[in-house]
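These notes concern the structure reproduced below.
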Amino acid sequence: MGEVYKMNIAGCERELPICPIDAHMDIAGFVMFSDVEITERAAQALLEKCPPHDVIVTAESKGIPLAYEMARIGCRDYVVARKGVKAYMEDPIHVEVKSITTDHVQKLYLSKADVENLKGKRILIVDDVISTGESLAAMEELLHEIGGKVVGKACVLAEGDAKDRTDILYLEPLPLFFK
């Protein structure tokens, strides 16, 4: 195994692999997929910090396990903003986003059914990691476009300067590694 960053997340000790982003910066790679213990504990810990809400919204794909678990033990409803249009999505709307971990501009889509589900509800946006805030801003733009009422924004880890934001709730800060 290569270099790792050791940290405690919701009572779980983990070693995150150090991953290069560009010639000047590395990140500690945090992936909730396949880590049921982290997903369950992080969901519970975040719910204790979050304001009352009716539905959780996350972007595809790494935030899905967290959104599901938070909805399962909390509000019982969640929506995933998809990165591509699926055959079952009627009249989708979208917004563009550029994430720190993706090398190209992506789009996030909500279907007509998603939009109807979100109308008039208190929305909590969740994700695994917030870093530059680009994905979060895109989600907020998309929800604002449909008249959504965002009551909170939460993540497991706030990466880099995101730890200084006052508009998000998070469990732990995650440093960036500059070369």
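The values are calculated or read from the model by the stated rules, or taken from the named source; none is laboratory data. Worth saying up front: this structure is predicted, and the values here are computed from it rather than measured. A quick note on method: Cβ atoms are made from the backbone with ideal geometry, for glycine too, and the neighbour counts reach across all protein chains shown. Heavy atoms of the whole protein, side chains included, go into the accessibility calculation; ligands, DNA and RNA do not. Shrake-Rupley method; radii C 1.70, N 1.55, O 1.52, S 1.80 Å.
Taking 2.2 N^0.38 Å as the expected size of a compact globular protein, what ratio does the Cα radius of gyration of the range 41-121 give against it, to two decimals?
1.17
Under 12 Å between alpha carbons: how many lysine pairs meet that in the chain, if sequence neighbours fewer than 8 apart on the same chain are excluded?
7
Solvent-accessible area per residue for the chain at a 1.4 Å probe radius, Å²?
Dividing the accessible area of the chain by its residue count gives 51 Å².
Based only on the alpha carbon positions, what is the Kirkwood hydrodynamic radius of the range 99-179, in angstrom?
Taking the inverse mean of 1/r over all distinct Cα pairs, the range 99-179 comes out at 13.7 Å.
Using the basic label-point model (7 angstrom from Cα toward the beta carbon), what is the Glu96 to Val4 distance in nanometres?
4.0
Span-like helices, the chain: DSSP H, alpha-carbon axial extent 15 Å or more, mean Kyte-Doolittle -0.5 or greater, which ones?
Once both thresholds are applied, what remains is 36-49, 134-145.
Expressed in nm to one decimal, what extension gain is obtained for the pair Asp164 and Cys19 from 0.36 nm per residue of sequence separation less their Cα-Cα distance?
49.9 nm
Quick check on the chain: helices-only [θ] at 222 nm, where DSSP H runs of length 4 and up contribute -39,500 (n - 2.57) each and the sum goes over total residues. Nearest 500, please.
-7000 deg cm²/dmol
Thinking of the chain as a set of Cα atoms, what percent of all their pairs are more than 19 Å apart?
In whole percent, the long-distance tail amounts to 56.
Which cross-chain or sequence-distant (5 or more) residues have an amide H under 5 Å from the amide H of Ile9, H modelled 1.01 Å from N in plane?
Arg14
Counting only protein heavy atoms and a 1.4 Å probe, tell me what percentage of the chain's accessible area is made up of carbon and sulfur.
The C+S portion of the solvent-accessible surface of the chain is 50 percent.
With charges only on Cβ, +1 for K and R and -1 for D and E, what is the dipole size of the range 126-179 about its Cα centre, in debye, rounded to 20?
120
Assign unit charges at the C-beta atoms only (+1 for Lys and Arg, -1 for Asp and Glu), then state the dipole size of the chain relative to its Cα centre in Debye, rounded to the nearest 20.
Roughly 400 debye, rounded to the nearest 20.
Take the range 1-59, compute every pairwise Cα distance, and split them into 10 Å bins from 0; I just need the percent in each bin.
All Cα pairs considered, the percentages come to 18, 40, 30, 11, 1.
With the chain treated as a Gaussian network of Cα nodes joined by springs under 10 Å, which of Ala154, Ala23, Ala59 yields the largest mean-square fluctuation?
Ala23
By the scheme Lys and Arg +1, Asp and Glu -1, what is the net charge of all other residues having a beta-carbon under 10 Å from that of Leu176?
Counting the neighbours of Leu176, the net charge comes to -3.
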